[in-house]
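Chemist: Below: one structure in structure tokens.
The values are calculated or read from the model by the stated rules, or taken from the named source; none is laboratory data. Since the model is a prediction, treat every value here as computed from it, not as a measurement. Note that we place each Cβ from the backbone using ideal geometry, even for glycine, and neighbour counts take in every protein chain shown. Note: areas computed on protein heavy atoms with side chains; ligands, DNA, RNA excluded. Shrake-Rupley method; radii C 1.70, N 1.55, O 1.52, S 1.80 Å.
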There are 2 protein chains.
Amino acid sequence: MALRDTGTEQLIKDTAKRIFFAEGKLHATTQDIADAAGVNRTLLHYYFRSKDILIQQVFKEAMQGLNARLDTVMESDLPFKKKIENLIDVFLTEAVAFPYQETFLVTEILNDSCRIHDESKPQKIKSFLAQIQTEMDAGHIKPMNPVHFLMNLFSLMVYPLIMAPLFKEMFNFSDSGYTDMINERKKLICEMIFK
Amino acid sequence: MALRDTGTEQLIKDTAKRIFFAEGKLHATTQDIADAAGVNRTLLHYYFRSKDILIQQVFKEAMQGLNARLDTVMESDLPFKKKIENLIDVFLTEAVAFPYQETFLVTEILNDSCRIHDESKPQKIKSFLAQIQTEMDAGHIKPMNPVHFLMNLFSLMVYPLIMAPLFKEMFNFSDSGYTDMINERKKLICEMIFK
DNA sequence: CATTTGTTTGACAAAAATGTTAAACAAAAT
DNA sequence: ATTTTGTTTAACATTTTTGTCAAACAAATG
């Protein structure tokens with residue numbers, strides 16, 4: 001008989017991603033995940049054998065998703081500025097939905113430096129860095145190591161979302177006030193990085 | 001008899017901070033901490049009664065340190081540009097030594113939303129935001145909500161350090177190459193935020 | 001409709017992490 | 001030197017988290 005596909009396996013994985021990436025609960029237990037998914041904890045072992053394997057799978061898919069997003073955005077042949085706007089749109093949207101995704105990835109990498117990580121790397125980075133260099137040479141953006149340009153971009157997009165709990169307190173933001181402020185950033189970031 | 005102060009209590013706390021803030025091992029156990037400190041795990045309970053209390057204390061001190069750093073930097077009466085340069089110097093240095101400090105803070109906040117957190121807030125933010133506004137009015141920096149200005153600043157400083165494990169792979173950096181690149185950022189950030 | 005097979009569940013078992021106790025130890029005080 | 005008191009340790013106990021198993025269940029198949 002073929003798999004019945006009740007959707008439970010996917011539900012568990014999606015719930016795990018929500019807890020880790022969206023809620024930032026990096027210490028979540030298998031029970032936490034099962035409860036949040038509304039399923040018996042044993043199912044987690046039925047489908048994934050162990051917590052460790054679930055984590056590895058979540059890790060791998062997040063990594064591949066990230067790489068895919070990067071490649072898609074970078075290889076599109078929009079004019080440079082449109083390309084960057086698209087990049088900001090794609091990654092800011094992702095970061096709003098899953099602010100702690102990269103934090104999870106890094107935490108996992110640091111906590112088991114021994115294990116083999118996903119080998120796949122984004123393929124289009126080199127040519128994209130070259131394209132950035134071209135734009136700098138043309139005087140459209142401030143000259144610097146193109147790597148800095150990209151790191152700046154991601155920093156400006158993601159960090160305010162990761163640090164929301166701290167920044168809200170520091171600057172006395174309400175939840176909705178913070179969301180409004182984040183929404184202003186799409187334009188703002190664009191203005192910052194083009195001279 | 002007074003406390004003998006063998007330095008063990010401080011050693012445990014410092015080691016915990018190193019593991020959490022510098023090494024980013026957010027899942028470290030009490031045994032991990034004790035081992036890294038070279039002491040018997042029981043001492044952790046002798047001095048702090050529970051892991052939870054140790055974590056709370058580490059959290060509190062990190063929060064107060066952060067607030068103290070902010071206040072010190074913001075209330076200094078250097079001319080604005082020097083003040084910002086000093087801010088970058090202070091916070092980038094801290095971030096190089098303890099890149100995962102804020103990640104730890106946020107993770108703790110998210111994992112026990114119920115517990116009471118440190119009430120103390122930086123006192124000097126309001127006046128500093130006002131000063132930023134003044135500089136914008138004077139045309140020294142690009143006009144925007146001063147909060148954005150500060151968030152941009154911290155994003156550009158801290159995020160590349162948090163994401164080092166990912167960025168290193170993405171951009172094919174060696175460890176020392178990455179350090180060199182980070183060191184370039186002090187100047188770069190300054191150039192980015194002043195027009 | 002009975003059987004097969006994949007899914008779900010609860011009860012149980014094992015492992016890991018945290019917490020406790022009493023005794024050993026060492027520095028200071030008497 | 002002996003006692004006192006704070007520190008450290010090992011052995012043990014508890015709790016939490018993870019993992020296993022067999023039985024119950026339900027959908028597809030013959």
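Chemist: Show that you can apply the helix-only estimate: for the protein assembly as shown, add -39,500 (n - 2.57) for every DSSP H stretch of four or more residues, divide by all residues, and state [θ] at 222 nm to the nearest 500. Walk me through the numbers on the way to the answer.
Modeler: Details: 20 runs with 274 residues, N = 390.
Value at 222 nm, helices only: -22500 deg cm²/dmol.
Chemist: Apply the Karplus parameterisation 6.51 cos²θ - 1.76 cosθ + 1.60, with θ equal to phi minus 60°, to every residue of the range A:74-81 and state each ³J(HN,Hα) to the nearest whole Hz, in sequence, with x for glycine and proline.
Modeler: Couplings: 6, 8, 4, 9, 6, x, 3, 5 Hz.
Chemist: By its C-alpha gyration tensor, with a ≥ b ≥ c as the square roots of the eigenvalues, how is the range A:14-61 shaped: rounded for a/c under 1.5, else prolate for a/b larger than b/c, else oblate? List each step's numbers first, then the result.
Modeler: Working: a/c = 1.83, a/b = 1.14, b/c = 1.61.
Verdict is oblate for the range A:14-61.
Chemist: Between B:Val90 and B:Asp112, what length comes free when the chain is fully extended (0.36 nm per residue of separation minus the Cα-Cα distance, one decimal in nm)?
Modeler: Extra length available between B:Val90 and B:Asp112 comes to 4.9 nm.
Chemist: Next question, about the same structure. Counting Lys and Arg as +1 and Asp and Glu as -1, each charge on the Cβ, what is the dipole of the range A:1-49 about the Cα centre in debye, to the nearest 20?
Modeler: Numbers: 7 positive and 6 negative charges, 21 e Å.
Rounded to the nearest 20 debye, it is 100 debye.
Chemist: Just to be sure I understand the curve: with the Debye formula and one point per C-alpha of the protein assembly as shown, what is log10 I(q)/I(0) at q = 0.11 Å⁻¹?
Modeler: Scattering profile of the protein assembly as shown, log10 relative to I(0): -0.88.
Chemist: Taking just the alpha-carbon atoms of the range B:1-101, what radius of gyration and Dmax come out, in angstrom?
Modeler: In Å, with Rg to one decimal and Dmax whole: 16.6, 53.
Chemist: Report the net charge of residues surrounding A:Lys124, where surrounding means a beta-carbon distance below 14 angstrom and charges are Lys +1, Arg +1, Asp -1, Glu -1.
Modeler: That works out to +1.
Chemist: Only loop residues by DSSP count here, and only those with at most 14 other Cβ atoms within 10 Å; note down the trypsin sites (Lys or Arg not before Pro) in the range B:1-103 that meet that.
Modeler: When the trypsin sites (Lys or Arg not before Pro) of the range B:1-103 are filtered for loop state and at most 14 Cβ neighbours within 10 Å, B:Arg4, B:Arg49 remain.
Chemist: Follow-up. Using a 1.4 Å probe on the protein chains only, how many percent of the accessible area of the range A:139-195 belongs to carbon and sulfur?
Modeler: Exposed carbon and sulfur together represent 52 percent of the surface.
Chemist: Tally Lys and Arg at +1 and Asp and Glu at -1 over the other residues with C-beta under 13 Å from the C-beta of A:Gln31: what net charge comes out?
Modeler: On the way: positive: A:Lys25, A:Arg41, A:Lys51; negative: A:Asp32, A:Asp35.
The answer is +1.
Chemist: Quick one: Karplus J couplings for the range A:155-168, per residue in order, coefficients 6.51, -1.76, 1.60, θ = phi - 60°, nearest Hz, x for Gly and Pro?
Modeler: Calculated HN-Hα couplings, in order: 4, 5, 7, 8, 4, x, 7, 4, 8, 3, x, 6, 5, 4 Hz.
Chemist: What residues in the range A:107-128 lose 50 Å² or more of accessible surface when the other protein chains are added to their chain alone (1.4 Å probe)?
Modeler: With the partner chains in place, the range A:107-128 has these residues losing at least 50 Å²: A:Leu110, A:Asn111, A:Lys121.
Chemist: Could you give each residue of the range B:103-113 its phi-based ³J(HN,Hα) in whole Hz, using Karplus coefficients 6.51, -1.76, 1.60 with θ = phi - 60°, and x for Gly or Pro?
Modeler: Here the 3J(HN,Hα) series is 4, 4, 4, 5, 4, 5, 4, 6, 7, 9, 4 Hz.
Chemist: Whole number in Å², please: accessible area per residue of the range B:58-193, 1.4 Å probe, ligands, DNA and RNA not counted.
Modeler: Accessible area per residue, the range B:58-193: 42 Å².
Chemist: Going by average Cβ density within 10 Å per residue, which order do the peptides B:173-185, A:159-171 take, highest to lowest?
Modeler: A:159-171, B:173-185
Chemist: Where the centre of each part is set by its Cα atoms, how far does the range B:43-88 sit from the range A:57-115, in angstrom?
Modeler: With the range B:43-88 and the range A:57-115 each reduced to a Cα centre, they are spaced 31 Å.
Chemist: Determine the shape class of the range B:73-195: with a ≥ b ≥ c the square roots of the Cα gyration tensor eigenvalues, call it rounded for a/c under 1.5, and otherwise prolate if a/b is greater than b/c, oblate otherwise.
Modeler: Judged from the Cα gyration tensor, the range B:73-195 comes out oblate (a/c at least 1.5, b/c at or above a/b).
Chemist: When Lys and Arg each count +1 and Asp and Glu each count -1, what net charge do the other residues less than 11 Å away from B:Met74, Cβ to Cβ, add up to?
Modeler: Local net charge: +1.
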